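Read the figures in this text as sums done on the coordinates, not as results from a lab. All figures in this text were calculated on a predicted structure; none of them were measured in a lab. Here the Cβ is made from the backbone with ideal geometry for all residues, glycine too, and neighbour counts use every protein chain on show.
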Amino acid sequence: MTTKRVISAIAAAAAVLIPLAACSDDSSSSSSSSTSSVTSSAAASSSATQTPSQILSSTSWETTGAVDNAGKRRALSDPDVKTYVGYAYFDADGTFAMYNLDDTPKMQGDWKLTPDGKTRIITAKDENGKVRFTRSSPIETLTPLEFTYRTYPVQNNQSIYIDIVHTPTTHKAPIASSPAPSSSGSNSGSMAPSSMPSRPMSSHPTTPIAPGSR
């Protein structure tokens, strides 16, 4: 009789524990899903309360991907992509600085967005403030988590394009000891030591009005 009671007690305990274990797994999964949801919601909320210019200048940016018109991912070393790769820092005062991934200066100057937030315009300047070129680039995505603009590797053919993807970075803008050489046709920009901001970088060329890099 005692044995039967023990067996009955064990069976009853098992019946209680199995549902509890299942609940525990469900709770863990729900918690993970909830965390992800909160992060996305926070980004969406931030985006909703900021203007496009505020979003672009609120963080530092790093080139992290490139996708062409066929949906194919391009390597950052791709000849049609590498000139846009680096760190970008857009300041709220309308100035910007860009650096290559090895922290060498790429370019500096002024930036702005069109009133509808769909186009970024940069005016690159040399260390003396002289305009080197102006470039407009269509913005495909601009949120607190992603900044993507479109480039056209074949002049006068907008059916062929590459979207350059940037994501936020904590990388600090380096302080230059000397300006980069000025070369309108190269991938380096010129940047005066006194004007190197401590902010992030971003790339985004598309329809160059004058030669330049990035």
Can you name every residue in the stretch 107-124 that is closer than 18 Å to Asp93 by Cβ, free of Cβ contacts under 8 Å to residues at least 24 places away in the same chain and among the charged types (D, E, K, R)?
Asp110
Considering residues of the stretch 123-143 that are of a type outside the set (Asp, Glu) and under 17 Å from the mean Cα position of the chain (by Cα) only, the residue farthest from Ile164 (Cα to Cα)
Thr143
Are there any strands (runs of 3 or more DSSP E) wholly within the stretch 72-130 with 2 or more residues that are closer than 18 Å to Lys172 by Cβ and out of contact with any Gly (no Cβ under 8 Å at 6 or more places or on another chain), and if so which?
87-90
Could we say that Asp80 is closer than 16 Å to Thr148 by Cα and surrounded by 13 or more Cβ atoms within 10 Å (Cβ to Cβ) here?
yes
